[in-house]
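One structure is given here, and the rest of the page talks about it.
None of the figures in this text is laboratory data; all of them are computed from the coordinates on show. From a predicted model like this one, the values you see are computed outputs, not experimental measurements. Counting neighbours? That spans all protein chains shown, and the Cβs are built from the backbone with ideal geometry, glycine included.
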Amino acid sequence: MPDYTVLLVAVDLSEEANQVIEGALRAANQDASHIHLAHVAEHPVTGIGELIGRNHRATDFQVRQKVYPGLKALADAHGIPANNLHILLGEPADELHALAEKMHTELIVCGSHGRKGFELLLGSTATRLLHGASCDVLTVRIQAEG
């Protein structure tokens, strides 16, 4: 396996994110300083805004403020530096590809539940990451807890 020095790890802030990070650490020879964690969030929009004529869309700052503690906790648990955290807003695969290009990422790491058939054809984030990446992509198979 190549020696990767810039790894971008896509996490969703669930307990399963730990498995994805552990896979990235193995690929980075346990060097957490090479790992960048990224979480892609969407802007929540409330339906009531349209009824009263006001936009109740959360600001970028509010979304980032809500996501950061969970992302920081994951980083701290695995020894990943705080300046290697990225909170992106938009469509996950597109945002991750853009960040990977900007950072000259050598490996993108994401989780996969091993879906097959129609679920795979409909397109998961892992599938879209794989097909649009200009670097290697590692999918870590998520194992059921228990």
query: Around Val40, which amide H atoms from residues at least 5 apart in sequence, or from another chain, sit under 5 Å from its own amide H, with H modelled in the peptide plane?
result: Val11, Leu88
statement: The ³J(HN,Hα) series, computed from each phi in region 60-68 with the Karplus coefficients 6.51, -1.76 and 1.60 at θ = phi - 60°, rounded to the nearest Hz and given as x for glycine or proline, is 3, 4, 5, 5, 4, 5, 6, 7, 3
Computed FRET value (nearest 0.05) for Gln62 with Gln19, which takes r as the C-beta separation and R₀ as 35 Å: 0.75
query: Residues with amide H under 5 Å of Ile108's amide H, sequence separation 5 or more or different chain, H placed in the peptide plane at 1.01 Å from N; which?
result: Leu8, Asp136, Val137, Leu138
task: Could you check the simple spin-label distance between Ala82 and Glu42, using points 7 Å along Cα→Cβ, in nm with one decimal?
output: 3.1 nm
